[in-house]
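Below: one structure, written as C-alpha cells.
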Amino acid sequence: MKTVSVIAIDGPSASGKGTVAARVAAALGWHYLDSGALYRLTALAAQRRTLALDDEAAICQVAATLDVSFLEGMILLEGDDATELIRAEAVGEGASRVAVLPSVREALLQRQRDFARQPGLVADGRDMGSVVFPKAPLKVFLTASAEERANRRYKQLIAKGESVNISQILQDIEQRDARDRARSVAPLQQLPDARLLDTTQLTVDAAVRTVLDWWKEVSPR
Ligand code: DC
C-alpha cells in the first residue's frame, strides 16, 4: 500500500499553526487534522460529566469512547455542534491539563493516525512529528513570540465580543507553554529534523507559502 504523505506542524498555543496548516491542506487538496481539537473535545466531554481533570482513569475512558464527528467546517460532540464551544479559554486550559495524562494520549493516538488518508494529510499539534507521525517527510515547528501570540489571541477574542485583558492572556499563554513543554510524555519541543518557522513578523500568506515551498523541496517527484 502506498504510504500517505504527511506534513507535521507543531508549535505552541496561539501560534497560528492551525490557520496555516488548514490553508496548506486546502492548497494541496489534502486532509487536515487539528489534533488539539481532540484534546479540547476530551476536556469538554469531561467537564460536562463534572469529572476531575486529573482523574486519569475516568478521563482516559472519556477519550477512548469520545463520540465525535469532524464534518466540513463543523465538529460534533455527542451529536451537538461543539465547533465554537471547544475554542473557549476554559476548554483550552482543560485540554492542556488532560493532555499531560499518558493514557489519554495513548487513547487518542490511533484516532489521530486514522486521519492519514490519500492524497495526504497536514496535521497540527504538539507531537505530530515526534509521536503521531514520526516518519513525516516534512516537519515544521511553527512559533511566534509569546507577546505576538497574546496579541493575536486578544484580537480574536475582541472580535468575538469578549471582554479580555491582554496581560492575563499573556500570562495564560506562558503558563500553558510551560505545562506543554514540561510534561514527561510527548512534550512540546522543536525536533532536530523539524524546520523552524517563526511567524512573529510574517503574514499568514507568507507562512503558507514557506511551508508549500518546503514541501516542494522534500516531496518525492
Ligand atoms: O492546539 P490547541 O491550543 O488547540 O491545543 C489545546 C491543548 O491540547 C494544548 O494546551 C496542548 C494539548 N495538545 C497536545 O498535548 N498535543 C497535541 N498534539 C495537540 C494539543
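At-a-glance table
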{"read-out": "Out of A186, A178, A136, A123, sole residue that is under 19 Å from the mean Cα position of the chain (by Cα), within 16 Å of the ligand (Cβ to nearest atom) and at positive phi", "value": "A186"}
{"read-out": "Restricting region 134-179 to residues that are among the hydroxyl-bearing types (S, T, Y) and part of a helix (DSSP H, G or I), the residue that is farthest from G18 (Cα to Cα)", "value": "S167"}
{"read-out": "Condition met for S5 (over 20 Å from Q175 (Cβ atoms), open to solvent by 20 Å² or more (accessible area, probe 1.4 Å) and modelled with pLDDT of 95 or more)", "value": "yes"}
{"read-out": "All positions within region 136-164 that are loosely packed, with under 14 Cβ neighbours inside 10 Å and closer than 17 Å to A206 by Cβ", "value": "S145"}
{"read-out": "Answer from R113, R117 - the residue that is within 13 Å of the ligand (Cβ to nearest atom) and either under 19 Å from V20 (Cβ atoms) or open to solvent by 30 Å² or more (accessible area, probe 1.4 Å) (or both)", "value": "R113"}
{"read-out": "Hey, L202 over 19 Å from the mean Cα position of the chain (by Cα) and surrounded by 17 or more Cβ atoms within 10 Å (Cβ to Cβ) or not", "value": "yes"}
{"read-out": "Among (1) hydrophobic (A, V, I, L, M, F, W, C); (2) within 16 Å of the ligand (Cβ to nearest atom); (3) surrounded by fewer than 16 Cβ atoms within 10 Å (Cβ to Cβ), the one test that V218 misses", "value": "(2)"}
{"read-out": "Qualifying positions in region 88-110 - among the basic types (K, R) and near the ligand (Cβ under 8 Å from one of its atoms)", "value": "R105"}
{"read-out": "Verdict on E56 being over 29 Å from P137 (Cβ atoms), surrounded by 15 or more Cβ atoms within 10 Å (Cβ to Cβ) and of a type in the set (D, E, K, R)", "value": "yes"}
{"read-out": "Some residue of region 28-51 being open to solvent by 70 Å² or more (accessible area, probe 1.4 Å), more than 15 Å from the ligand (Cβ to nearest atom) and part of a loop (DSSP other than H, G, I, E, B)", "value": "yes"}
{"read-out": "Test: residue in region 12-27 that is outside any helix (DSSP H, G or I), more than 20 Å from I75 (Cα to Cα), more than 16 Å from the ligand (Cβ to nearest atom) and open to solvent by 50 Å² or more (accessible area, probe 1.4 Å)", "value": "no"}
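The values are calculated or read from the model by the stated rules, or taken from the named source; none is laboratory data. For clarity, every value in this text was computed on a predicted model and none was experimentally measured. Positions of Cβ are generated from backbone atoms using ideal geometry, with glycine treated the same way; all protein chains shown enter the neighbour counts. Calculation scope for accessible area: heavy atoms of the full protein, side chains included, ligands and nucleic acids excluded. Shrake-Rupley method; radii C 1.70, N 1.55, O 1.52, S 1.80 Å.
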